[in-house]
Amino acid sequence: MKSNRMSGILLHPSSLPGPDGIGDIGPEAYEWVNFLVQSGCNLWQLLPLGPTGYGDSPYQCFSAFAGNPFLISSTLLIDEGLLLLEDLQDRPDFSTESVDFGPVIQWKLKLLDRAYNNFVQKQPEEITEKFQQFINQEQDWLFDFALFMAIKEVNGGLSWDYWDDGLRKRDRKALKNFQDENKTLIESHMFKQFLFFTQWTGLKNYANDQGIKIIGDIPIFISFDSSDAWSNPELFYFDEDFKPTVVAGVPPDYFSATGQLWGNPLYRWEVHKQDRYKWWLKRINSTLKLFDFIRLDHFRGFVNYWEVPAGNETAEIGQWLPGPGADFFEVMQYELGVLPIIAEDLGEISTDVYKLRDQFDLPGMKILQFAFSSDPEDPFLPHNYPVNCVAYTGTHDNDTVLGWYQSAPVEEKDFCRRYLARSGENISWDLIRAVWSSVAKITIAPLQDFLGLGTEARMNYPGRPSGNWSWRVLPHQINSELAQRINEINFLYSRSK
């Protein structure tokens, strides 16, 4: 009988090889899907795909609905006739090892503007028709987002709380005047979204056809500097000037002695409840067009969340307040049927969070790196896993396995070696094997761990405002030898496609 055990690899598209200084959703992403198939994996997990803002973080986006234009493939734009080879002649000499976001963003925006200008000049019939269909289908969020980005651009990238009063407070006359004066700019932002969604849909369909399902990510909170906050101020705790009165974070924990001050606006959950979480329902439906499963980041925030007064410099002072709880998930279940959600239930968690997770039969997360600092009762040790969980060697927020092991306390390393009955010489694969052999129905490891890389390949340091998200894999590292090795472990532990 075919097992329903699954496995996958965590890799954000920006980390792929590619010619434009950042991985994208073009040919290399299709090659990556082929690699997953050769590896016997069934899942590809990535980070949020939204348009990145502050610190280039996929968890601080200008929209909860839009796509990241920097992931659009120039190669595919040539195939689509929207760019010519000569449009790429002034391409800078980019590093293949990491993303240098400043120059990359300048270059990608230049390319996308060229593609839009070529579109306007040629008006190709088929693309024009599809673009119009896209505008009609996505009208719920698309125009507001394009308008937000255009105003932002005209204001030199300033956050919306620094715009003129009329535009900041969405005065009808002020918005109408701006639209009349900036029609082309607004349309160009809609066109970038059209390109992103066209290319992503093609890639997702290809992956699904190959038997690969995609796990995406919804950050519970949105960025303050986003079209969502600007378009729906009534859904958040803002004062009469639309400034946040309270913001999100987490109190001190093992990641940070002063807590993490995220600074995101907090939801007025009672307002959301009144219209049966209409905005959230749109958000989840929109995300499910992009992915097959969703990892719900900071799941505990639906039970209770840490409220920090706006203006505080750390998250040490704050209070726990109740989230929407079961009511939210009952409405989602009623509207969506089965909830294809993974609950990110990490950190200092209370029993009521697990209770909510289990009430809706949502798999939680287990991180093997966390398992070796206590004793054999530790819930992150594989012999304590439930079947209904997603087990990881580590996530994008942790060091790589090798990096963790090299910097771990002596007692932790010792317990790890004793538990695994291994010398620690090949620690990345030792942890992969322990996770894969567990009863967890889904197992995931970052590509960095399959490659046995150290701290230099770490994706994110929580709480560090810049210098994250830049790691890239080199083309020669994704090879048939590695695919064969992963395939073998998938076969041995009954996780093959």
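The values are calculated or read from the model by the stated rules, or taken from the named source; none is laboratory data. Treat the numbers as computed from the prediction; the structure is a model and nothing was measured. All Cβ positions, glycine included, derive from the backbone under ideal geometry; neighbour counts span all protein chains shown.
Filtered by the rule that a residue be in a helix (DSSP H, G or I), touching a Lys or Arg at 6+ places or on another chain (Cβ under 8 Å) and of a type outside the set (S, T, N, Q), the stretch 436-449 gives a lone residue, W436. Consider G40 carefully, then state whether it is on the phi > 0 side of the Ramachandran plot and not polar (S, T, N, Q). Yes: the conditions hold for G40.
Residue count for the stretch 8-57 under the criterion of being within 22 Å of L142 (Cβ to Cβ), at pLDDT 95 or above, in a loop (DSSP other than H, G, I, E, B) and in contact with a strand residue (DSSP E or B) (Cβ under 8 Å, 6 or more places away or on another chain): the result is 4. Taken over the stretch 444-488, the criterion of being buried (at least 17 other Cβ atoms within 10 Å of the Cβ) and over 27 Å from I22 (Cα atoms) is satisfied by N487 alone.
Examine the stretch 429-449 for a residue that is over 23 Å from G364 (Cα atoms) and β-branched (V, I, T), and state whether such a residue exists. Checked against the condition, which is being over 23 Å from G364 (Cα atoms) and β-branched (V, I, T), the stretch 429-449 yields no hits at all.
Looking at this structure, is E313 in contact with a strand residue (DSSP E or B) (Cβ under 8 Å, 6 or more places away or on another chain), of a type in the set (D, E, K, R) and either part of a strand (DSSP E or B) or closer than 21 Å to I432 by Cα (or both)? So E313 fails the test. Checking the stated criteria, V331 turns out to be without any contact (Cβ under 8 Å) to a residue 60 or more places away in the chain and surrounded by fewer than 20 Cβ atoms within 10 Å (Cβ to Cβ). Pairs meeting the criteria (first residue in the stretch 355-373 and acidic (D, E), second residue surrounded by fewer than 16 Cβ atoms within 10 Å (Cβ to Cβ) and modelled with pLDDT of 95 or more, beta carbons under 9 Å, at least 6 apart or on different chains) are D358/N388; D361/N388.
Just one of the listed residues (A315, A326) is on the phi < 0 side of the Ramachandran plot and in contact (Cβ under 8 Å) with a residue 40 or more places away in the chain, and it is A315. Condition (residue is in contact (Cβ under 8 Å) with a residue 24 or more places away in the chain, in contact with a Lys or Arg (Cβ under 9 Å, 6 or more places away or on another chain) and crowded, with 17+ Cβ neighbours inside 10 Å) applied to the stretch 113-124: is it met by at least one residue? The answer is yes, given that some residue of the stretch 113-124 is in contact (Cβ under 8 Å) with a residue 24 or more places away in the chain, in contact with a Lys or Arg (Cβ under 9 Å, 6 or more places away or on another chain) and crowded, with 17+ Cβ neighbours inside 10 Å. Apart from one condition, G67 fits all of (1) assigned to a helix (DSSP H, G or I); (2) at pLDDT 95 or above; the exception is (1). Consider the stretch 71-108 and keep the residues that are in contact with a Pro (Cβ under 8 Å, 6 or more places away or on another chain) and of a type in the set (F, W, Y). The one that is surrounded by the fewest Cβ atoms within 10 Å (Cβ to Cβ) is F94. Is it fair to say I444 is modelled with pLDDT of 95 or more, among the aliphatic types (A, V, I, L, M) and under 19 Å from the mean Cα position of the chain (by Cα)? It is true that I444 is modelled with pLDDT of 95 or more, among the aliphatic types (A, V, I, L, M) and under 19 Å from the mean Cα position of the chain (by Cα). For the stretch 383-394, residues that are within 26 Å of the chain's Cα centre (by Cα) and either farther than 14 Å from Y405 by Cβ or among the acidic types (D, E) (or both) total 8.
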